[in-house]
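Let me begin by presenting the structure, written as structure tokens, before commenting on it.
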Amino acid sequence: MKDRIVKDWNISRILRSLLGLAAIAYAIYSGQYLFLIIGALFIVQSILNLSCCSCGTQACGDENRNKKGIYKDHIKEYKPK
């Protein structure tokens, strides 16, 4: 868990944390506390390196990209002349 929080900080994690901080600051400034929840969601996503579509899991990994598609047998590959 510590490695997930500390390592692999990329531009998307930094942007999510900055967006979360900006939403929290706006929520405190304006009194619209819905932005506080949204900002907290972005902060948690950036700290734990999660996303809405969960591509950090095995479902979006490289090993699934090479698998045979569902309609691969029925659709011919397009080859321009």
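The values are calculated or read from the model by the stated rules, or taken from the named source; none is laboratory data. This is a predicted model, so every value here is computed, not measured. So basically every Cβ, Gly included, is an ideal-geometry build from the backbone, and we count neighbours across all protein chains shown.
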Does segment 50-58 include one or more residues that are surrounded by 10 or more Cβ atoms within 10 Å (Cβ to Cβ), part of a loop (DSSP other than H, G, I, E, B), hydrophobic (A, V, I, L, M, F, W, C) and at pLDDT below 95?
yes
May I ask you to list pairs of residues, at least six apart or on different chains, whose Cβ atoms are under 6 Å apart, with the first in segment 1-30 being more than 13 Å from Val44 (Cα to Cα) and touching a residue at least 12 places away in the same chain (Cβ under 8 Å) and the second being outside any helix (DSSP H, G or I) and hydroxyl-bearing (Ser, Thr, Tyr)?
Ala27/Tyr33
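Would you check if Arg16 is charged (D, E, K, R), surrounded by 13 or more Cβ atoms within 10 Å (Cβ to Cβ) and modelled with pLDDT under 95? Give the derivation first.
Details: charged (D, E, K, R): yes; surrounded by 13 or more Cβ atoms within 10 Å (Cβ to Cβ): yes; modelled with pLDDT under 95: yes.
Yes, satisfied.
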